[in-house]
Amino acid sequence: MLIKTASDIRSSEITPKSLYLNRRRLLAGAGGLLLAQSAFAAKIANVKKSPLSTTEAITPVGDATSYNNFYELGTSKAAPAQNAARLKTQNWKVKVEGACNKPMTFDMDGLMKLGAMEERIYRMRCVEAWSIVVPWIGYSLSNLLKAVEPTAKAKYVSFETFYDPGSMLSSAAGGIEFPYREGLRLDEAMHPLALLTFGMYGETLPNQNGAPVRLIVPWKYGFKGIKSINKIRLVEKEPSSTWKMSNPSEYGFYSNVNPQVDHPRWSQGSERRLGEFSRRKTLMFNGYADQVASLYAGMDLKKNY
Ligand SMILES: Nc1nc2c(c(=O)[nH]1)N[C@H]1C(S)=C(S)[C@@H](COP(=O)(O)O)O[C@H]1N2
Ligand SMILES: [Mo]
């Protein structure tokens with residue numbers, strides 16, 4: 001994002017995306033589709049459908065798993081799928097600490113038991129103006145937060161991605177600082193739509209989509225959806241976040257999808273849905289305004305971008 005010029009974005013990224021994906025599908029065929037998914041994907045059992053799902057058409061799985069942003073695995077859209085094997089997810093632990101009564105370190109079995117697994121079909125809108133509709137699998141992040149019992153001091157939640165400098169890009173090569181960090185206000189994190197995500201399309205997450213556990217915050221730009229989380233911290237002050245640190249005039253802490261507040265280098269008024277050819281209008285809070293607008297009552301969203 002930061003390292004590209006506006007004309008680069010327009011010419012090489014936004015416009016030809018559908019063409020790029022189509023070409024990939026034509027060249028790769030069914031074999032490519034399989035390759036694009038993790039070799040270790042497993043079915044997730046006992047998943048209930050959620051009333052919070054959109055009824056919009058779901059993005060083809062091959063698109064959602066081969067056109068990614070995961071800078072630790074490479075900065076092109078194809079690189080995360082190609083380099084997926086560099087992310088080692090065995091014996092994964094998630095440490096939850098900070099302002100809470102019951103700080104805990106979870107293994108994946110323990111973490112996945114904290115809530116009832118639901119399929120949530122959400123829109124996700126990248127700050128670069130493409131979007132997808134994905135059947136994610138997970139439970140509301142609030143389940144985990146309640147389990148560790150935040151204290152009165154906890155006002156924000158910060159998240160960190162596992163970083164292995166030996167197998168992943170250096171910060172210099174990625175153009176952003178690693179480990180990747182994100183944050184939410186505690187009331188945003190407690191909102192039922194905020195999803196702690198373990199799978200997609202019926203199976204565990206492919207590495208390129210953030211295995212084994214990531215965040216999906218559907219009313220915010222995609223970069224708030226931090227992948228491959230291994231640290232969560234309840235904190236008193238607004239935590240630092242990777243894209244804001246890299247360029248605070250372009251990326252803010254809130255990063256709510258807002259067609260009325262353009263990125264300094266491009267419009268946020270419309271988007272291209274992966275798999276579609278014509279552009280769509282971007283909706284306020286990505287179409288989730290009825291559910292989340294009250295979180296920001298009285299706030300100037302131009303200032304708090
Ligand atoms: N650790 C980490 N998380 C990340 C990113 C990243 O580069 N590193 N990219 C973000 C961005 S910009 C987007 S749009 C989404 C993309 O998620 P997807 O590849 O599953 O569509 O992941 C977000 N989470
Ligand atoms: Mo993004």
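The values are calculated or read from the model by the stated rules, or taken from the named source; none is laboratory data. Fair warning: this is a prediction, and the values are worked out from it, not measured in the lab. Please note: Cβ atoms are built from the backbone with ideal geometry, for glycine as well, and neighbour counts cover all protein chains shown. With ligands, DNA and RNA removed, areas are computed over all heavy atoms of the protein, side chains included. Shrake-Rupley method; radii C 1.70, N 1.55, O 1.52, S 1.80 Å.
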Being within 13 Å of ligand 2 (Cβ to nearest atom) and outside any helix (DSSP H, G or I) narrows it down to one of LYS227, LYS231, so name that one.
LYS227
In the stretch 124-159, anything assigned to a loop (DSSP other than H, G, I, E, B) and away from ligand 2 (no atom under 16 Å from the Cβ) is listed as GLU149, THR151, ALA152, LYS153, ALA154, LYS155
Of the numbered conditions (1) more than 13 Å from ligand 1 (Cβ to nearest atom); (2) out of contact with any Gly (no Cβ under 6 Å at 6 or more places or on another chain), VAL257 satisfies every one except a single condition; which is it?
(1)
Which pairs do you get when a residue that is under 10 Å from GLN208 (Cβ atoms) and of a type in the set (A, V, I, L, M), found in the stretch 58-72, comes within reach of a residue that is at pLDDT 95 or above and part of a helix (DSSP H, G or I), reach meaning Cβ atoms under 8 angstrom, with the pair 6+ apart or on two chains?
ALA64/ASN209
Only one of (1) open to solvent by 20 Å² or more (accessible area, probe 1.4 Å); (2) within 16 Å of ligand 2 (Cβ to nearest atom) fails for ILE121. Which number is that?
(2)
So which pairs qualify, if the first residue must be in the stretch 101-116 and farther than 15 Å from PRO212 by Cβ, the second must be acidic (Asp, Glu) and open to solvent by less than 60 Å² (accessible area, probe 1.4 Å), the Cβ gap must be under 9 Å, and the two must be at least 6 apart or on different chains?
PRO103/GLU97; MET104/GLU97
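Taking the stated definitions as given, is VAL127 buried (at least 20 other Cβ atoms within 10 Å of the Cβ) and in contact with a helix residue (DSSP H, G or I) (Cβ under 8 Å, 6 or more places away or on another chain)?
Criteria met by VAL127.
Residue-wise test of (1) within 11 Å of ligand 1 (Cβ to nearest atom); (2) closer than 21 Å to PHE106 by Cα; (3) at pLDDT 95 or above; (4) out of contact with any His (no Cβ under 6 Å at 6 or more places or on another chain).
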{"position": "ASP164", "(1), (2), (3), (4)": "no, yes, yes, yes"}
{"position": "ALA172", "(1), (2), (3), (4)": "no, no, yes, yes"}
{"position": "PRO179", "(1), (2), (3), (4)": "yes, yes, yes, yes"}
{"position": "GLU182", "(1), (2), (3), (4)": "yes, yes, yes, yes"}
{"position": "ARG185", "(1), (2), (3), (4)": "no, no, yes, yes"}
{"position": "LEU196", "(1), (2), (3), (4)": "no, yes, yes, yes"}
{"position": "LEU205", "(1), (2), (3), (4)": "yes, yes, yes, yes"}
{"position": "GLY210", "(1), (2), (3), (4)": "yes, yes, yes, yes"}
Residue list for the stretch 76-110, filter: under 20 Å from ILE216 (Cα atoms), part of a loop (DSSP other than H, G, I, E, B) and open to solvent by 20 Å² or more (accessible area, probe 1.4 Å)
THR89
Top-ranked residue in the stretch 165-174 [being surrounded by 15 or more Cβ atoms within 10 Å (Cβ to Cβ) and closer than 23 Å to PHE253 by Cα; ranked as nearest to ligand 2 (Cβ to nearest atom)]:
GLY174
Can we say GLU188 is on the phi < 0 side of the Ramachandran plot, crowded, with 21+ Cβ neighbours inside 10 Å and of a type outside the set (A, V, I, L, M)?
yes
For the stretch 57-77, enumerate the residues that are of a type in the set (Gly, Ala, Ser) and within 15 Å of ligand 2 (Cβ to nearest atom).
ALA64, GLY74, SER76
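Residues checked against (1) buried (at least 23 other Cβ atoms within 10 Å of the Cβ); (2) closer than 22 Å to THR65 by Cβ; (3) within 13 Å of the chain's Cα centre (by Cα):
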residue	(1), (2), (3)
TYR201	no, yes, no
ASN209	yes, yes, yes
LYS224	yes, yes, yes
PRO259	no, no, no
PRO264	no, no, no
SER267	no, no, no
If we ask which residues in the stretch 269-299 are in a helix (DSSP H, G or I) and loosely packed, with under 14 Cβ neighbours inside 10 Å, their number turns out to be 2
Going through the stretch 192-219 in order, the residues found to be more than 23 Å from VAL157 (Cα to Cα), within 15 Å of ligand 2 (Cβ to nearest atom) and part of a loop (DSSP other than H, G, I, E, B) are none
